Structures are given as C-alpha cells and as structure tokens.
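Right, one structure below, let's go through it.
FYI, it's all coordinate maths here, none of it is from the lab. What you see is a predicted model, and the numbers here were worked out from it, not measured in a lab. We place every Cβ from the backbone using ideal geometry, glycine too, and count neighbours over all the protein chains shown.
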Amino acid sequence: MTLCIEAAGITHRGTVRDNNEDCIAIGYWTSQETMQSARPFQHELDLPFACVVADGMGGHNDGEQASLLVAKSLSRRLPAFGPEKIAASVRAVNAELYAHVGEHPELAGMGSTAVGLAVHDKSLAIFNVGDSRAYKVVSSGLAQLSVDDALVQNWKPGASFARSTMLTQCFGGRATFTDIEPHLHVEPCVAGSTYLLCCDGLYETVPEEQMAALIGTDLQASVEALLRAALELQAKDNVTIALVRVVERT
C-alpha cells in the first residue's frame, strides 16, 4: 500500500471584483485566471507535495503581484523541507516580498495572506499567515485547523457582528520590514483525510455547514459546487478553493 494525494483547485474573481488578487498553487501549477472548472491533480507521495492559497492586498496590480510571488515562492520552498523547516521557509518568503518592494517602491504596502498544506514523508503540515483558512473534514462537519490573524478570530456567517478585515499579521503590507510567525499544525498523513483550503471569499459567504455538505467523493465536482454556492450567494470578494485528500493505493 502506498499513500497518494488527490486534489482539485479553482480560483475566481467573484461577483463584484473586476480582477482576481488571489493565487492558487498546487504542485508546480499556479493560477490567477478566473476558472470555470476545477483542475484535478494526482500526486504520488514518493515526492513531497505542497498546496497554497494566497489572497493579495494592495489594490489591482499590487495585490495580484503579492499573491503570485507568495504562492509561487511557497510552493517552490515547501516541498524541500520537513515540517520543522516550514516556519523558516514561510518567514523567508515574507522577507522576499519586502525585498521585492524595496526594489520597486511604487509597490509599497502590497501584501498577501496565505494558507498552505505540505506533505513530507509521513507528516502533513498546515500553516497560515493572515485570515485565509484550512479546515479538515470530520464526522461533524468541518474543523478549522488554521488560526485567523484577525482582531476577532473564528468569525462565521450569520454572526451578530461584522467580520473585521484588520489583520494582525500578513506577508508584507507594512511600511518597513516586519517579521511574521506562521501558525503551524502538524499531524500524521492518514489515508481518507480530506482538507479544505480557502480564502475569505468562500468562508465569509458560505456557512460551514453548507460547505461541509458540498464536499463529497469527487473532489473536482466538490470544488465546483463550493464555488457555485459562493457565486449564488453573491460573493463580494475573489473566491479560491482547494481540496486535498490522502488516499491509499495498492
């Protein structure tokens, strides 16, 4: 028996925004284009695997550049290291972003959030900086594994107060270099485990109970169903979704 990864991802500008400041990376594939159908993936775990969802900030072009740089740099770095090196890799990408802004002062203030999943040997690690989220599918629905870097954590649709978009940390986004401390969750890589990575455009629009109900056996169809639900509920932001499942093959 060998462990493999099945995954599917999609990104979309949503119903309000003219451009997509999100970026998705699965393996060596990245996209910021508005997609109409999800892209499926299969990956043998004799090689490390990484998946990243990044949500850019800073206006039209700046946010797009920030999320692309962060997603590409993370997806390049993460497979090379085990969980113990992930925090250092994430912090190095933050420094890269500040260095890029230093070379291009007109981009001052641009930043990005990111949530990622990396599998190395038999360990599966989830990390995040900002308010993009990671969930694990459990018997009761969805369990949030990420930690919101927000003034109010774990906000859900239908809450009696508005969601704060003020972040306590992110990649870049400050006038001078500011180090970050990513949140990290590590667990064994177990067949049958399914994970959802998404930006705030999904979870601020679609209730967690509905998200959980839309995740089925077919990951590509599930990702497309999640996007459809967000668009039908008039998602005000870009929407980016990745589903990752560990499977066992003979």
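Data for the structure
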quantity	calculated
The stretch 26-121: GluC sites (Glu not before Pro) in DSSP coil with no more than 15 other Cβ atoms inside 10 Å	E33
Footprinting exposure proxy for H120, H104 (fewest neighbouring C-beta atoms within 10 Å first)	H104, H120
Furthest towards positive pole of dipole, A235, T2, Y98, structure part the stretch 2-249, Cβ charges	T2
At 0.890 mPa s and 25 °C, Stokes diffusion of the stretch 7-50 via Kirkwood alpha-carbon radius, µm² per second	211 µm²/s
Rounded to whole Hz, the Karplus (6.51, -1.76, 1.60) HN-Hα couplings of the stretch 6-15, x for glycine and proline	10, 8, 8, x, 8, 9, 8, 6, x, 9
Total lysine pairs whose alpha carbons fall under 20 Å of each other in the chain (8 or more apart, or interchain)	5
Burial ordering of W29, W155, fewest other beta-carbon atoms within 10 Å first	W29, W155
Over the stretch 187-250: Kirkwood hydrodynamic radius from C-alpha pairwise inverse distances, Å	12.4 Å
With 5 Å bins from 0: P(r) over the stretch 2-249, alpha-carbon pairs, percent	1, 7, 15, 20, 21, 17, 11, 5, 2, 0, 0
Per-residue ³J(HN,Hα) for the stretch 168-175, Karplus 6.51 cos²θ - 1.76 cosθ + 1.60, θ = phi - 60°, Hz, x for Gly and Pro	8, 7, 7, 6, x, x, 10, 5
Within a Gaussian network of the chain (alpha carbon springs, distance under 10 Å), most fluctuating of T165, T240, T194	T165
Under the span-like rule (Cα at least 20 Å along the axis, Kyte-Doolittle mean at least 0.0), DSSP H helices of the chain	86-103
